[in-house]
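Enquirer: Structure provided below as structure tokens; questions to follow.
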Amino acid sequence: MLEILGKTNFDFMGKRKIAFIFSGIMVLFGLIALVQISRGAANLGIDFAGGTAVQLKFDQAIRIEEARKALESNGLSNAELQEFGQDNKLLVRIKASTTIEEKTAERVMAVFSKEFPNNKFVVDASTEIGPTIGKKLQEDALIAIVISFAGIIMYIAARFELRFGVAAALATFHDVLAVLGAFYLLDKEITLLVVTALLTLAGYSLTDTVVVFDRIRENLRIRRRDSEESMINNAVNQVLSRTIVTSLTVVLVLIPLTLAGGEVLHDFSLALLSGVIFGTYSSVFVASPLLLLWPGASGRMMKRN
Amino acid sequence: MKKVGGRFALLALVVVLSVVFFLPSYKPLYQALPDWARKILPDKGITLGLDLQGGIHMVMEVDEDRAVEIAVERSVNSLQDLLVDKKLPAESVKRTAANQVTIQFANAELKSQIQKLLDEYPTFFEVDAAGSANSLVWELRETEIKRIKDSAINQALETIRNRIDQFGVSEPLVQRQGLKQIVVQLPGVKEPKRAKDLIKETALLEFKMLDEDNQMKMDFPARIPKEKEAEVLAQFQGKVPEGDQILFEHQIDKDTGREFRTPYLVKKRVMLTGDVLSDARVSIGEFNDPYVSITFDGKGGREFERITGENIKKRMAVVLDNTIYSAPVIQDRISGGRAQITGTFSTQEANDLAIVLRAGALPAPLKIIQDLTVGPSLGQDSIDQGVKSTLIAGLLVVVFMMVYYRLSGVIADFALLLNLLCLLGALSALNATLTLPGIAGIVLTIGMGVDSNVLIFERIREELRAGKAVRLAVDGGYDKALLTIIDAHVTTLITGVALFLFGTGPIKGFAVTLCLGIAINLFTAFVGTKVVFDLLNQGKKVDTLSI
């Protein structure tokens, strides 16, 4: 039998203070990001904010400063540029809040064919999204988020007793907010795909939590003499290797997707990847210790049925 | 003793069905099949999303208010004609609000006679309070406004469909979305810009007379660069006589390719519009320059003959979307119902012009509110990257499972392949659209799918450590892991369903693959792998398990 970890006996519950502080900070950043998004101050993708994105593929390498200068001298100073080195690709993004003019995509193309006549390009993709559509997508995303979370919480509530349900839901919020916070700190764009990743994460990160909670419930029925803290600690240790292995298989598929899946999927996979890691951490260090915070639970026996 | 025969038959059936449904999705193989086989097999498989095969996704809004204005303007035109016919000398007939016409006349005695004309315009009613002794105000009825708005979008849909059919795109989608939006999807379009121009062009063709009596007074510059248009308009603002307007003729210098404009003073009154056309074709002139020859229908032909007969030696402007294509002098009465539209355009431009003229004008301008265009090269790049990362991901997981769980890992890998095969089969059977995020969904299914087997195997290991016999340990492991795995899957499915319901395009594609993958996984992990273990345990007593 090949095992990543043999029988372990880590004192996870004893580290809960440190874990809560770390998680609290991550969640705080996530909440800040949430407030900034609702204020419209965060780095929203053009699918939410409205605007234009044009991706050009040049024959020869193009220097990003020169491209920016060319756009600025032609009245497109608010463009954000991003290059994808190996293929001479350039992504130009212009948000709608700063330009009202139509046909921005055509203007961008005109600028490059005028300023760089010797460096021919093809248009890989162009996206133009009017503010009304952006609003609609924001609303749809919000509805999807609310429905997912309501559905998950209801399911957990039906399957587990209240204390477990609340802890699992909080841990899920923690994972999603931590990734959102990380994206905010890194100034990554919050696009429709990133939101999709966060929702998928909300569904998936529960897997580890459910595995741990199932074991805690099971142990509640067998071991009557241990203190609550040591019992939870035992349960976490017992399922530790499968918690790690299940996450590992997902991490194994997400790494090639992040590295080789192309620019469209990069941020999506990155959000999932960091989310799965946070999710594994939270099922051990957040969800389980949260059970101990329940009023009247600490040190005592919990209800056994 | 558990029977495995039935379950093996089920697995075999599922595999065969998946392959049968998937075959049409893999074109090279499907094409190579003999005819009789293709006749039996389903003919539709997975469709590639626009992000993978390239193409255009556009959402447009019809400017409904403008459609109402245009309808009112038409009534104004016909009312002017009617007043002339009936010899009722009105001073002016004008559209004074979006839905309002004001008729002014010097002679107050005319009022009752003009009022009678309202009978011919049942969609209007008179606003008594707004009129005076020398004026009448008519307003369009609410029901008519609603009808115009409604028919505007239907007419726009019809027109766009006609144009796209003639442009030639395989499997286009043109449909109404909500109350006033139109969605157009053109997969695999090679010239996106041309297709978009073709759809967007209002293509309102009008014949108008030049106002040559006043032309000299205006002292227009002969030819101006394209950028100076607004300048000229501003310069002559306020000097344009009542009932006239300034329109520009577009010209392109053939040597330099620069665009020029020539301003003309044109009477606003429309002599004839493009809705009386029966055909439009491209012809090549004597200097090898293309032009569009148009044919009027019977009524249009007679009208055109009358108009040209009454205006010999005068100049008539051919106007498309408020741009003058040409302004020739009418040499003679033109009978036979044919005319030409000349101008400086390429064969392709002439061709597109003929298409929009044949398909008819849009009832009102369109506003594009969403436009996603993916070039064919990016689509192929995305497919390549998607396939590459799927293969690497699959390989990593397969190897990891073999190393970590030995023979049991191989069984899990077999279930994984089964999972992927069924997923592709199910996607094909549903004719689902595969998008780039959809490929990511497949990759995730690989990673999440083996989780089920990891959980089962860890349980079995636990049972074995507790000293149970292999067969009991296997059964116990499966039983105890079942609920945990269902819990984990359901929560993922909940978000998947929410994404499917409220996601658009690519996101929906992701939700579909994720949900199907997870659901199928329950089957492959429990039935697919269990049957193999049962087979191992069936014969002689097994003492050890490679796990």
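Enquirer: Which of the lysines could be linked to B:Lys239 by a straight reach, that is with a Cα gap under 25 Å, when you skip same-chain ones fewer than 8 residues away?
Expert: B:Lys239 reaches B:Lys94, B:Lys208, B:Lys217, B:Lys226, B:Lys228, B:Lys267, B:Lys268, B:Lys314.
Enquirer: Cα atoms only, the range A:51-128: Rg and Dmax in Å?
Expert: Looking at the range A:51-128, its Cα Rg and Dmax stand at 11.3, 33 Å.
Enquirer: How large is the helix-only mean residue ellipticity at 222 nm for the protein assembly as shown, computed as the sum of -39500 (n - 2.57) over DSSP H runs with n ≥ 4, divided by its residue count, in deg cm²/dmol to the nearest 500?
Expert: Taken over the protein assembly as shown, the calculation gives -19000 deg cm²/dmol.
Enquirer: May I pose another question? How much length would be gained if the chain were fully extended between A:Ile143 and A:Trp294, taking 0.36 nm per residue of separation minus their Cα-Cα distance, in nm to one decimal?
Expert: Here the segment from A:Ile143 to A:Trp294 would lengthen by 51.3 nm.
Enquirer: Counting other C-beta atoms within 10 Å, which of B:Phe22, A:Phe213, A:Phe160 has the fewest, and how do the rest follow?
Expert: Values: B:Phe22 23, A:Phe213 29, A:Phe160 20.
Ranking B:Phe22, A:Phe213, A:Phe160 by Cβ neighbours within 10 Å, fewest first, gives A:Phe160, B:Phe22, A:Phe213.
Enquirer: Go through the range B:64-79 residue by residue and turn each phi into a ³J(HN,Hα) via Karplus (6.51, -1.76, 1.60, θ = phi - 60°); whole Hz please, and just put x for glycine and proline.
Expert: 3J(HN,Hα) across the range B:64-79, in whole Hz: 5, 4, 5, 4, 5, 4, 5, 4, 5, 4, 5, 4, 4, 4, 6, 5.
Enquirer: Mind checking the angle between helix A:192-222 and chain A's longest principal axis? C-alpha axes, 0 to 90 degrees, to the nearest 10.
Expert: Here the helix axis deviates by roughly 10 degrees.
Enquirer: Give a quick list of trypsin sites (Lys or Arg not before Pro) in the range A:204-234 that DSSP marks as loop, anything other than H, G, I, E or B, with at most 16 other Cβ atoms within 10 Å. Present the calculation step by step, with values, prior to reporting the outcome.
Expert: On the way: sites: A:Arg215, A:Arg217, A:Arg221, A:Arg223, A:Arg224, A:Arg225; in loops: A:Arg223, A:Arg224, A:Arg225.
Those satisfying the criteria are A:Arg223, A:Arg224, A:Arg225.
Enquirer: Now, a different point. Mind giving me the FRET efficiency for B:Arg223 and A:Phe84? R0 is 56 Å, r the Cβ-Cβ distance, nearest 0.05 is fine.
Expert: FRET efficiency, B:Arg223 to A:Phe84: 0.80.
Enquirer: May I pose another question? Provide, for q = 0.18, 0.24, 0.27 Å⁻¹, the log10 of I(q)/I(0) from a solvent-free Debye sum over equal Cα point scatterers in the range B:67-140.
Expert: These q points yield log10 I(q)/I(0) values of -0.62, -1.15, -1.48.
Enquirer: Against the globular-protein guess of 2.2 N^0.38 Å, express the Cα radius of gyration of the range B:470-536 as a ratio, rounded to two decimals.
Expert: In units of the globular-protein estimate, the range B:470-536 measures up at 1.41.
Enquirer: Quick one: helix A:131-159 against the long Cα principal axis of chain A, what's the angle to the nearest 10°, folded into 0 to 90?
Expert: 10 degrees
Enquirer: List the chymotrypsin sites (Phe, Trp or Tyr not before Pro) within the range B:490-523 that DSSP assigns to loop and that have no more than 12 neighbouring Cβ atoms inside 10 Å.
Expert: none
Enquirer: What is the range B:296-403 by shape, rounded, prolate or oblate, if you read a ≥ b ≥ c off the alpha carbon gyration tensor as root eigenvalues and call it rounded for a/c under 1.5, prolate for a/b larger than b/c, and oblate otherwise?
Expert: prolate
Enquirer: Now a separate question. Return one quarter of the surface area of the convex hull spanned by the alpha-carbon atoms of the range B:112-154, equal to its mean projected area, in nm².
Expert: Details: hull surface 14.0 nm².
One quarter of the hull surface, i.e. the mean projection, equals 3.5 nm².
Enquirer: For chain A, build the convex hull from the C-alpha positions and give me its volume per residue in Å³.
Expert: So the per-residue Cα hull volume is 142 Å³.
Enquirer: Using modelled amide H (1.01 Å from N, peptide plane; none on Pro or chain starts), what sits under 5 Å from the amide H of B:Thr435, excluding residues fewer than 5 places away?
Expert: Here the answer is B:Gly49, since their amide H atoms fall under 5 Å of that of B:Thr435.
Enquirer: Could you line up B:Met402, B:Met60, A:Met231 from fewest to most neighbouring Cβ atoms inside 10 Å?
Expert: Listed from fewest to most nearby Cβ atoms, that is B:Met402, A:Met231, B:Met60.
Enquirer: Which whole-number percent gives the relative contact order of chain A, counting Cα pairs below 8 Å spaced six or more residues apart? Could you put the intermediate results ahead of the total?
Expert: Details: 412 pairs, mean separation 78.0, N = 305.
Reported as a whole number, the value is 26 percent.
Enquirer: Rounded to the nearest 0.05, what FRET efficiency do B:Thr143 and B:Ala230 give with R0 = 51 Å and r taken as the Cβ-Cβ distance? Could you check?
Expert: Once the sixth-power term is evaluated, E becomes 0.80.
Enquirer: Where does helix B:298-310 land angle-wise versus the long Cα axis of chain B, in degrees 0 to 90, nearest 10?
Expert: 40 degrees
Enquirer: Let me ask another. May I ask you to evaluate 6.51 cos²θ - 1.76 cosθ + 1.60, the Karplus curve with θ = phi - 60°, for each residue of the range B:408-413 and list the ³J(HN,Hα) values in order in whole Hz, giving x for glycine and proline?
Expert: 4, x, 4, 5, 5, 5
Enquirer: Let me ask something else. Could you estimate the translational diffusion coefficient of the range B:101-242 from the Stokes-Einstein equation, with Rh from the Kirkwood formula over C-alpha pairs, at 4 °C and 1.567 mPa s, in whole µm²/s?
Expert: Roughly 63 µm²/s, to the nearest whole number.
Enquirer: Consider just the alpha-carbon atoms of the range B:204-354 and return their Rg together with their Dmax, both in angstrom.
Expert: Considering the range B:204-354 through its Cα atoms, Rg and Dmax are 15.7, 43 Å.
Enquirer: Evaluated at 20 °C with a viscosity of 1.002 mPa s, what Stokes-Einstein diffusion coefficient in µm²/s does chain B have when Rh comes from the Kirkwood expression over alpha-carbon pairs?
Expert: Answer, rounded: 73 µm²/s.
Enquirer: Suppose we take every Cα in the protein assembly as shown and form the convex hull; what volume per residue is that in Å³?
Expert: Convex hull of Cα atoms, per residue: 227 Å³.
Enquirer: A further question follows. For the range A:1-96, which chymotrypsin sites (Phe, Trp or Tyr not before Pro) pass both filters: DSSP loop (anything but H, G, I, E, B) and at most 15 other C-beta atoms within 10 Å?
Expert: Of the chymotrypsin sites (Phe, Trp or Tyr not before Pro), the ones in loops of the range A:1-96 whose Cβ has at most 15 other Cβ atoms within 10 Å are A:Phe10.
Enquirer: Return a whole-number percent for the relative contact order of the range B:153-296, with Cα pairs under 8 Å and 6 or more residues apart as the contact set. Let's see the in-between values first.
Expert: Working: 173 pairs, mean separation 27.2, N = 144.
Once divided by the residue count of the range B:153-296, the mean separation gives 19 percent.
Enquirer: Under the definition of Cα pairs under 8 Å and six or more residues apart, what whole-number percent is the relative contact order of chain B?
Expert: For chain B, the relative contact order is 18 percent.
Enquirer: Hey, another quick one. Can you tell me the length gained on complete extension of the stretch B:Asn162 to B:Phe287, counting 0.36 nm per residue apart and subtracting the Cα distance? Kindly include the intermediate steps, with their values, before the conclusion.
Expert: Working: separation 125, 0.36 × 125 = 45.00 nm, distance 3.16 nm.
Between B:Asn162 and B:Phe287, full extension yields 41.8 nm more.
Enquirer: Still on this structure, please answer the following. Calculate the spin-label point distance for B:Arg176 paired with B:Glu109, positioning each point 7 Å from the Cα along the beta-carbon direction, and give it in nanometres.
Expert: The two pseudo-label positions are separated by 5.1 nm.
Enquirer: Let me ask something additional. Could you put B:Arg147, A:Arg107 in order, starting from the residue whose Cβ has the fewest other Cβ atoms within 10 Å?
Expert: Fewest-to-most ranking of B:Arg147, A:Arg107: B:Arg147, A:Arg107.
Enquirer: Pop a pseudo-label 7 angstrom from the Cα along the beta-carbon direction at both B:Asp65 and B:Arg302 and give the gap in nm to one decimal.
Expert: Using points 7 Å along Cα→Cβ, the separation is 4.0 nm.
The numbers here are math on the coordinates, done by the rules we state, and not lab data. Note that the structure is predicted; figures quoted are calculated from it, not measured. Positions of Cβ are generated from backbone atoms using ideal geometry, with glycine treated the same way; all protein chains shown enter the neighbour counts.
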